[in-house]
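> Could you have a look at this structure, given as structure tokens, before my questions?
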Amino acid sequence: VLIIVLNGKKDDSDDGHISMYLKLVDKLKPNEAINAVFRFLVYNQKMDNYLVKQDMTGKHFSLLKMEWGLDDDSKLAIGGGRVFVEYEITLKDQLGSNDEKLRDTSWFQSDEKAAASRGTEDQPSLFFSINLGVVRYQPPAHYILGIESLSSVRSSLAKFGDGRISSSEFSACGHKWVLIVDLNGKDNDKDGHISMYLKLIDKLEPEEDVRAVFSFFVYNQKLHNYFTKQDMIGKRFRGLKTEWGIAKVLSLSTFNDPTKGYVICDYCEFGTEVFVRKSADFQMGTLSLVTRANVSRQYCWRVSDYSKLDGKCESRPFTFDGISWTLLMYPRGNAQEQGKSISVYLSLDDDSKLSIGGKRIFAEYDITLKDGLGSKDIKKSFMVWFHADVVDWGFSAFLPLSDLSKRYLRKDELIIEVDMKTMIRLEDAKLDIGDDD
């Protein structure tokens, strides 16, 4: 279930952010867990694109923790933990070509911030070039390529003027792939970086494509974790373009430095995981206000011969804005209130129950037990999400039976009224949406 907090967290001391969470609703066994990475998207209707915030480290869903999310901008940016940054700061010489550069690497915590200024005519400008990656401890989900005798492999590849190493074929998400690691990086990369690519091996029809997001990993043998770079946009693999990747995964200076831990005893490891989005798996929910202004949404139920009633009683169906409801009443009480109180509920009508399917209906309403003598009505207010598992909601202890008396029960008649304040409908529909090339 996707959860969106439009007001953000109460402890968000900054300007306030939309918070988004993912909740696993499967019933897990005590020793069962699901490891997952996820992304949240906010659609920009003007630009026709999506702002994407992604969990980069992976989360562990279990009985102890069924809900994970991204709370605010700083945590969104670095996955809520530590982030490894390679950066270059250039002090620009605006009169000539004597720029001064500083290259460095650093770890940043979620509570650390960096700032830069644009500069003016009287002040120099600072330009940042950042290669951003995240460390996680979970290994790649689909493939790991270990390279022994790295120096010998490099030497052999150098004779052919190529630093690309292709893995054996592996399967992921119903397709066959090859991981390609370029130990020399791209020719136009003057600083030098490890480049990594994913190639689709399947033979596709001319009109066929595979849309996927992927991550690349470099194992740190010293720290026992994985430096991770992820494709954040998603790529379209097809006959004309079967290979996609990231040209700057990790700088060669960092990778080759024996103190960093990526190469130990002439051995290193690379990995990848790929997730394919299928149109059949995609669902879209539309949240819409279904109540209309200046329209009465009240229903009054006159319950006659109350003293003769027993068990569950149900009103005739009534409709608010196309959704059919009934009132339920237990004159002698329901569940633990049996013999103690009158119980009253608002319920989706049978027809609405059958058609609700993937819908969720939010209802804000009042149920009132009318006072036949004056103004001492008993009113209960509710705000409830109705769905396939919650088709009725009310109060088991609406009013003690001893308090019914002649004030509420006149001539053996009881009057119950429901007043619908707001209804919001969430409908799910399976759709197929396209990606840019």
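The values are calculated or read from the model by the stated rules, or taken from the named source; none is laboratory data. As the structure is a computational prediction, the values presented were derived from the model and not from experiment. For neighbour counting, all protein chains shown are included, and Cβ atoms are generated from backbone atoms with ideal geometry for every residue, glycine included. Accessible surface is based on the protein model in full, side chains and every heavy atom, while ligands, DNA and RNA are left aside. Shrake-Rupley method; radii C 1.70, N 1.55, O 1.52, S 1.80 Å.
> Limited to segment 22-36, what total is found for residues that are touching a Gly at 6+ places or on another chain (Cβ under 8 Å), touching a residue at least 40 places away in the same chain (Cβ under 8 Å) and open to solvent by less than 70 Å² (accessible area, probe 1.4 Å)?
Residues flagged as touching a Gly at 6+ places or on another chain (Cβ under 8 Å), touching a residue at least 40 places away in the same chain (Cβ under 8 Å) and open to solvent by less than 70 Å² (accessible area, probe 1.4 Å) within segment 22-36 amount to 1.
> Which of the residues that make up segment 33-63 are under 21 Å from Q138 (Cα atoms) and touching an Asp or Glu at 6+ places or on another chain (Cβ under 9 Å)?
Scanning segment 33-63 gives I34, A36, V37, F38, R39, F40, K53, F61, S62, L63.
> OK, next. Could we say that K101 is modelled with pLDDT under 85, open to solvent by 40 Å² or more (accessible area, probe 1.4 Å) and not in a strand (DSSP E or B) here?
no
> Right, next: What are the residues in segment 207-221 that are open to solvent by 10 Å² or more (accessible area, probe 1.4 Å) and either closer than 16 Å to F270 by Cβ or within 22 Å of the chain's Cα centre (by Cα) (or both), if any?
R211, V213, Y219, Q221
> Looking at (1) within 25 Å of E364 (Cβ to Cβ); (2) open to solvent by 20 Å² or more (accessible area, probe 1.4 Å); (3) of a type in the set (G, A, S), can you tell me which one S315 breaks?
Failing condition for S315: (2).
> Which residue pairs have Cβ atoms under 6 Å apart, sit 6 or more places apart or on different chains, and have a first residue in segment 325-340 that is of a type in the set (G, A, S) and a second that is in a strand (DSSP E or B)?
From residues that are of a type in the set (G, A, S), the pairs are G333/S341; G333/S343; A335/S396.
> Please go through segment 140-156 and pick out each residue that is outside any helix (DSSP H, G or I) and either surrounded by fewer than 15 Cβ atoms within 10 Å (Cβ to Cβ) or without any contact (Cβ under 8 Å) to a residue 24 or more places away in the chain (or both).
Selection gives G146, E148, S149.
> Any residue that is in contact with a His (Cβ under 8 Å, 6 or more places away or on another chain), crowded, with 17+ Cβ neighbours inside 10 Å, closer than 20 Å to S171 by Cβ and not hydroxyl-bearing (S, T, Y) - is there at least one of those in segment 196-203?
yes
> A follow-up question, please. Do we have any residue at all in segment 226-241 that's at positive phi and either surrounded by fewer than 19 Cβ atoms within 10 Å (Cβ to Cβ) or over 30 Å from the mean Cα position of the chain (by Cα) (or both)?
Scanning segment 226-241 turns up at least one residue that is at positive phi and either surrounded by fewer than 19 Cβ atoms within 10 Å (Cβ to Cβ) or over 30 Å from the mean Cα position of the chain (by Cα) (or both).
Residues checked against (1) part of a helix (DSSP H, G or I); (2) open to solvent by less than 40 Å² (accessible area, probe 1.4 Å); (3) of a type in the set (S, T, Y):
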| position | (1), (2), (3) |
| --- | --- |
| Y365 | no, yes, yes |
| L373 | no, no, no |
| K380 | no, no, no |
| F386 | no, yes, no |
| G394 | no, yes, no |
| F398 | no, yes, no |
| R407 | yes, no, no |
| V418 | no, yes, no |
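> Further question on the same structure: Of the residues that sit in segment 328-358 and are surrounded by fewer than 18 Cβ atoms within 10 Å (Cβ to Cβ) and of a type in the set (D, E, K, R), which one is modelled with the lowest pLDDT?
So, considering only residues that are surrounded by fewer than 18 Cβ atoms within 10 Å (Cβ to Cβ) and of a type in the set (D, E, K, R), the one modelled with the lowest pLDDT is K353.
> Further, regarding this structure: Does S74 count as more than 23 Å from V276 (Cβ to Cβ) and either exposed (fewer than 12 other Cβ atoms within 10 Å of the Cβ) or at pLDDT 60 or above (or both)?
It is false that S74 is more than 23 Å from V276 (Cβ to Cβ) and either exposed (fewer than 12 other Cβ atoms within 10 Å of the Cβ) or at pLDDT 60 or above (or both).
> Next question, about the same structure. Within segment 22-68, work out how many residues are in a loop (DSSP other than H, G, I, E, B), more than 26 Å from G234 (Cβ to Cβ) and hydroxyl-bearing (S, T, Y).
Adding up the residues that qualify gives 0.
> Further, regarding this structure: For V178, are the conditions met, namely being modelled with pLDDT under 85, closer than 21 Å to S195 by Cα, among the β-branched types (V, I, T) and not in a loop (DSSP other than H, G, I, E, B)?
No; evaluated as a whole, the condition is false for this residue.
> If you don't mind, another one. Look at S347 and say whether it is assigned to a strand (DSSP E or B) and not aromatic (F, W, Y).
Against the criterion (assigned to a strand (DSSP E or B) and not aromatic (F, W, Y)), S347 qualifies.
> Filtering segment 181-194 down to residues that are at pLDDT 90 or above and out of contact with any Lys or Arg (no Cβ under 6 Å at 6 or more places or on another chain), which residue is nearest to G271 (Cα to Cα)?
V181
> Can you list residue pairs whose Cβ atoms sit under 6 Å apart, with the first residue in segment 383-406 being closer than 21 Å to E364 by Cα and without any contact (Cβ under 8 Å) to a residue 24 or more places away in the chain and the second being open to solvent by less than 80 Å² (accessible area, probe 1.4 Å) and among the acidic types (D, E)? Count only pairs 6 or more apart in sequence or on different chains.
Pairs found: M383/E364.
> How many residues, within segment 324-340, are under 39 Å from the mean Cα position of the chain (by Cα) and either closer than 17 Å to C300 by Cα or among the aromatic types (F, W, Y) (or both)?
5
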